[in-house]
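Let me begin by presenting the structure, written as structure tokens, before commenting on it.
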Amino acid sequence: MGGQSATSLTKSSNRLFSAIGLFVVGALILLVRLPPADLAGWIAEALNVTLGVPFLGAAALFAGAAALVRTDSQRRVFMIVSIVAAGVSVVLGVLLIATPA
């Protein structure tokens, strides 16, 4: 198997599945629409925080996904997409927090 042991492959696949899970949860926070608001709005309302906070939480999830696959050269595209999603979420979160209501 390319010189990798079974334990190494299991760890790699576990990290990948964990990274995909973090990415999916982050995407769900940002993309799920639950009328009359989206999931980020419901989370912000439930926690009694501004709308930017769930965006920052999603950014942390995306960054965690990128960190889990950073050493795997075969998953480089996933890592880059996660980093870009984290960056966009941070910018939107900061803008939403900084913008007066």
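FYI, it's all coordinate maths here, none of it is from the lab. Worth saying up front: this structure is predicted, and the values here are computed from it rather than measured. FYI the Cβ positions are ideal-geometry reconstructions off the backbone, even for glycines, and counts take in every protein chain you see.
Rank I20, T7, V90 by how far each Cα sits towards the positive end of the charge dipole of the chain (+1 on Lys, Arg Cβ; -1 on Asp, Glu Cβ) and give me just the farthest. Looking along the dipole axis, the top candidate is T7.
When only Cα pairs below 8 angstrom with a gap of at least 6 residues are kept, the chain shows a relative contact order of 28 percent.
Distance between Cα centroids, the range 6-58 to the range 64-91: provide it in whole Å. Computed from Cα coordinates, the inter-centre distance equals 14 Å. Axis angle, to the nearest 10 degrees, between helix 76-98 and the longest C-alpha principal axis of the chain: 20 degrees. Computed from the coordinates I sent, Rg and Dmax of the Cα atoms in Å equals one of (1) 40.8, 127; (2) 28.7, 86; (3) 16.2, 57. Tell me the label. Recomputing Rg and Dmax of the Cα atoms in Å here gives the entry labelled (3). The sum of -39500 (n - 2.57) across all DSSP H runs of n ≥ 4, divided by the residue count of the chain, sets its helix-only mean residue ellipticity at 222 nm to -25500 deg cm²/dmol.
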